[in-house]
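Let me begin by presenting the structure, written as structure tokens, before commenting on it.
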Amino acid sequence: MTFLDRQLSAPRSPTMPDNLLVSLPGALHAIPMATEFRGSVIAASQKSLRDIGRFEDYCKLLTRHHDELLYGCPAEWMPMSVAEAHYEAANDLGLTPEEQTARGADVAKFSQGTFLSTMIKLARGSGVTPWLGLEQFDKICGRVWRGGAGVTVTRRGPKEVRIRIVRLGLSRIPYYRHAFAGMLTSGGGLFSKKCYVREIPEYCTETGMGWIGSWV
């Protein structure tokens, strides 16, 4: 285990450094992979592809879980393999990273009952800043996937944060990483005039991803 992984694995405690807002639920090597994904987020992602006229192309690119993705119930939790099939097909559409990020921002708006519902409730308070939402980020992610995975949120400055997600198989798919960055940008915009998110390449692996976020 690297020094960075040991830092990320530090449990919550009263003596936790002020800059670490959210820590992993346990030792990194002991955290299971996420096993289920929210069906309504997949449905919102499919809607975003319909809106740009690429849904039929997407359907042709599906290689597995065709019935679940086209006829399943959006309100249900789906096995992670279904989510992987969806994002693999979306990735094969060949959209640019910027277009993929835009699709993620659309998904955040469509799926306010999942990813953004907690953040929207928080944003309605007076004087709320992004830090309030970031302190709840593990709970927000728990409305998108479940069964495993972990999140760390670290304050880097007055208006800058580092986010890392581990043990999530979707991380290997570029479309999902870029779309999730779009969701972060959309969520951060609820608390600020403008939010910026950039990927941290060394955090992007087969099972993890990370970003630096800032706002004005």
First in the stretch 126-144 and in a loop (DSSP other than H, G, I, E, B), second anywhere and modelled with pLDDT under 90 and of a type in the set (A, V, I, L, M), Cβ under 7 Å, 6 or more apart = Val128/Leu122
When Phe115 is evaluated against the numbered criteria (1) within 22 Å of Lys194 (Cβ to Cβ); (2) at pLDDT 95 or above; (3) touching a strand residue (DSSP E or B) at 6+ places or on another chain (Cβ under 9 Å); (4) not hydroxyl-bearing (Ser, Thr, Tyr), which criterion, by number, is the only one it fails?
-> (2)
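For every residue, the table says whether it meets (1) at pLDDT below 95; (2) under 27 Å from Val82 (Cα atoms).
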{"residue": "Arg167", "(1), (2)": "no, yes"}
{"residue": "Tyr176", "(1), (2)": "no, yes"}
{"residue": "Met183", "(1), (2)": "yes, yes"}
{"residue": "Ser186", "(1), (2)": "yes, yes"}
{"residue": "Pro201", "(1), (2)": "no, yes"}
{"residue": "Glu206", "(1), (2)": "no, yes"}
{"residue": "Ser214", "(1), (2)": "no, no"}
Output the residue which, of all residues in the stretch 157-185 that are buried (at least 21 other Cβ atoms within 10 Å of the Cβ), in contact with a Lys or Arg (Cβ under 7 Å, 6 or more places away or on another chain) and in contact (Cβ under 8 Å) with a residue 40 or more places away in the chain, is nearest to Leu134 (Cα to Cα).
-> Val161
Mind listing whichever residues of the stretch 34-47 are in contact (Cβ under 8 Å) with a residue 60 or more places away in the chain and under 21 Å from Arg172 (Cβ atoms)?
-> Ala34, Thr35, Glu36, Phe37, Arg38, Val41, Ser45
Considering the stretch 51-89 alone, what residues qualify as being more than 18 Å from Ala34 (Cβ to Cβ), within 20 Å of the chain's Cα centre (by Cα) and among the small types (Gly, Ala, Ser)?
-> Ala75, Ala89
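Does Ile212 satisfy being among the β-branched types (Val, Ile, Thr) and under 26 Å from Glu76 (Cα atoms)? Spell out the reasoning first.
Values: among the β-branched types (Val, Ile, Thr): yes; under 26 Å from Glu76 (Cα atoms): no.
So Ile212 does not fit the description; no.
Hey, can you tell me all the residues within the stretch 30-63 that are farther than 21 Å from Gln100 by Cα and either loosely packed, with under 14 Cβ neighbours inside 10 Å or of a type in the set (Asp, Glu) (or both)?
Applying the first criterion (farther than 21 Å from Gln100 by Cα) to the stretch 30-63 yields 30-36.
Of everything in the stretch 30-63, those that are farther than 21 Å from Gln100 by Cα and either loosely packed, with under 14 Cβ neighbours inside 10 Å or of a type in the set (Asp, Glu) (or both) turn out to be Ala30, Pro32, Glu36.
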Sort through Leu49, Leu70 and tell me the only one that's part of a helix (DSSP H, G or I) and touching a Cys at 6+ places or on another chain (Cβ under 8 Å).
-> Leu70
In the stretch 129-186, the residues that are basic (Lys, Arg) and within 23 Å of Glu206 (Cβ to Cβ) | Arg146, Arg162, Arg164, Arg167, Arg172, Arg177
Just give me the residues in the stretch 186-210 being without any contact (Cβ under 8 Å) to a residue 24 or more places away in the chain and among the β-branched types (Val, Ile, Thr), in sequence order.
-> Val197
Meets criteria (in contact (Cβ under 8 Å) with a residue 24 or more places away in the chain, in a helix (DSSP H, G or I) and of a type in the set (A, V, I, L, M)) for Ala85 | no
Residues of the stretch 130-146 being of a type outside the set (S, T, N, Q), under 22 Å from Val41 (Cα atoms) and surrounded by 15 or more Cβ atoms within 10 Å (Cβ to Cβ), which ones?
-> Gly133, Leu134, Phe137, Asp138, Ile140, Cys141, Gly142, Arg143, Val144, Trp145, Arg146
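The values are calculated or read from the model by the stated rules, or taken from the named source; none is laboratory data. Small disclaimer: the values here were computed from a predicted structure and weren't measured. Neighbour counts are summed over all protein chains in view; Cβ atoms, including those assigned to glycine, are modelled from backbone coordinates with ideal geometry.
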